[in-house]
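Student: Here it is, the structure, as structure tokens.
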Amino acid sequence: MPKTSVVKKIEIYRLGKTTSTNEVAKTLAQDKKEDFAVVAEEQTEGRGRKDRSWVSPPGGLYLSLCTGKEPILSLKASLAVAKTLEDLGIIPSLKWPNDVMVRDKKICGILVEVLEKKAIVGIGLNIETAPLKDSICLSALLDEPVSKERLIKDIIENFSNLENMMDTYRGYSSTIGRLVKIKTPSRILEGRVKDIDEKGRLVLDDGRKVMAGDVIHLRKNSDRYVFHRKRYDTLTD
């Protein structure tokens, strides 16, 4: 059995190397009614959205939280991570639906898997290494290292205590206002994103709504980051 500890009344199962924290969590969920989390130092079969491989070497935080089912869990998890990073003095943004970005590079990915009675929220955060070309890690952004224990505690706490979620999510969004290409299973759309509604759907300026898909930002939008900088300064004044 893996070692366990408790953070914010959430039992945490701690592993060294494992195949996937989500897979371990799905197995444990069969016999557990209360929420819990699984953390590993390394994954050999980590996965992202659409079953894509998620590179998970030592030096990252690989966390799966087993929680109750609710709408837009992936957006909620990405927002919890963004608020955790902001508390460290980092300026994050959220690329719809759930990529946590810093300086236009991905620092964290989210994978939600829904079970019969529960949901597994998988979080992969780059701490010491940025394994992919367009990624970044905490060690490149901070002068002092931050402990995994603090990150785990803060992510779980932020996840549990979010209020006015969609209003807060919009404040971190780097997709609102952007000209985008959206690849869905059935079609490819282009347009400018007007909003993200209460159900987590992209709303294009022509009224079309998109619930799921891969988004490509077609060009940089410096005004979005100027706005975000002002929002951050307001929060920290």
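Readers should treat all values here as calculations from the given coordinates under stated rules, not as data from a laboratory. Given the structure is predicted, the values throughout are model-derived calculations rather than measurements. Note that each Cβ is placed from the backbone with ideal geometry, even for glycine, and that neighbours are counted across all protein chains shown.
Student: What are the ³J(HN,Hα) couplings of the range 163-177, residue after residue, when phi is run through the Karplus curve with 6.51, -1.76, 1.60 and θ = phi - 60°? Round to Hz, x for glycine and proline.
Tutor: Couplings: 10, 6, 4, 5, 4, 5, 4, 4, x, 9, 5, 9, 9, 4, x Hz.
Student: Which shape class applies to the range 148-213: rounded if a/c is under 1.5, otherwise prolate when a/b exceeds b/c and oblate if not, where a ≥ b ≥ c are the square roots of the Cα gyration tensor eigenvalues?
Tutor: Prolate is the answer for the range 148-213, as a/c is 1.5 or above and a/b outweighs b/c.
Student: If you don't mind, another one. Considering amide H positions built from the backbone, and no H for Pro or chain starts, which residues 5 or more places from Arg178, or on another chain, come under 5 Å of its amide H?
Tutor: Under 5 Å from the amide H of Arg178: Val193.
Student: Which whole-Hz couplings ³J(HN,Hα) result when phi for each residue of the range 184-189 is put into the Karplus expression 6.51 cos²θ - 1.76 cosθ + 1.60, θ = phi - 60°, listed in order with x for Gly and Pro?
Tutor: The phi angles translate into 10, x, 10, 6, 10, 10 Hz.
Student: Taking Cα centroids, how far is the range 59-112 from the range 173-224 in Å?
Tutor: Here the answer is 18 Å between Cα centres.
Student: I need Met211, Met165, Met101 ordered by Cβ neighbour count within 10 Å, fewest first. Can you show the working numbers first?
Tutor: Values: Met211 12, Met165 16, Met101 22.
Final ranking by Cβ density, sparse to dense: Met211, Met165, Met101.
Student: For Lys32, give me every one of the aspartates and glutamates with a C-alpha distance below 12 angstrom, ignoring sequence neighbours fewer than eight places off in its own chain.
Tutor: Glu11
Student: Can you tell me what the convex hull of the Cα atoms of the chain projects to on average, as an area in nm²?
Tutor: Here the figure is 13.0 nm², rounded to one decimal.
Student: Identify, among Ile176, Leu125, Thr21, the residue whose Cα sits farthest towards the positive end of the charge dipole of the chain, taking +1 on the Cβ of Lys and Arg and -1 on the Cβ of Asp and Glu, with the dipole about the Cα centre.
Tutor: Of the options given, the answer is Ile176.
Student: What is the order of Asp99, Asp104, fewest Cβ neighbours within 10 Å to most? Could you put the intermediate results ahead of the total?
Tutor: Values: Asp99 21, Asp104 13.
Going from sparsest to densest Cβ surroundings: Asp104, Asp99.
Student: Now, a different point. By per-residue mean of other Cβ atoms within 10 Å, what is the highest-first order of 173-181, 27-35, 68-76, 107-115?
Tutor: Values: 173-181: 19.2, 27-35: 12.1, 68-76: 16.7, 107-115: 20.8.
Ranking the peptides 173-181, 27-35, 68-76, 107-115 by packing returns 107-115, 173-181, 68-76, 27-35.
Student: Sticking with this one: Size of the dipole of the chain about the Cα centre, Lys and Arg at +1 and Asp and Glu at -1 on the beta carbon, nothing else charged, in debye to 20? Working shown, then result.
Tutor: Working: 42 positive and 35 negative charges, 154 e Å.
Dipole of the chain, to the nearest 20 debye: 740 debye.
Student: Which loop GluC sites (Glu not before Pro) in the range 135-175, with loop taken from DSSP, have no more than 15 other Cβ atoms within 10 angstrom of their Cβ?
Tutor: Numbers: sites: Glu149, Glu157, Glu163; in loops: Glu163.
Within the range 135-175, the qualifying GluC sites (Glu not before Pro) (loop, at most 15 other Cβ atoms within 10 Å) are Glu163.
Student: At R0 = 25 Å, how high is the FRET efficiency between Lys148 and Lys117 if r is their beta carbon distance? Nearest 0.05 is fine. It would help to have the intermediate numbers written out before the result.
Tutor: Working: r = 29 Å, r/R0 = 1.17.
About 0.30, to the nearest 0.05.
Student: Please say if the range 175-220 is rounded, prolate or oblate, where rounded means a/c under 1.5 for a ≥ b ≥ c the square roots of the C-alpha gyration tensor eigenvalues, and otherwise the choice is prolate for a/b larger than b/c and oblate otherwise? List each step's numbers first, then the result.
Tutor: On the way: a/c = 1.56, a/b = 1.03, b/c = 1.52.
Cα axes put the range 175-220 in the oblate bin.
Student: Counting Lys and Arg as +1 and Asp and Glu as -1, each charge on the Cβ, what is the dipole of the range 175-220 about the Cα centre in debye, to the nearest 20? Kindly include the intermediate steps, with their values, before the conclusion.
Tutor: Numbers: 12 positive and 7 negative charges, 36 e Å.
Roughly 180 debye, rounded to the nearest 20.
Student: Give me the percent of DSSP beta bridges within the chain that run antiparallel, rounded to the nearest 5. Display every interim value, and only then the final one.
Tutor: Details: 47 of 56 bridges.
Once the DSSP bridges in the chain are tallied, antiparallel ones form about 85 percent.
Student: Moving on to the next point. Which whole-number percent is the relative contact order of the chain (Cα, under 8 Å, 6+ apart)? Working shown, then result.
Tutor: Details: 449 pairs, mean separation 34.8, N = 237.
Relative contact order comes out at 15 percent.
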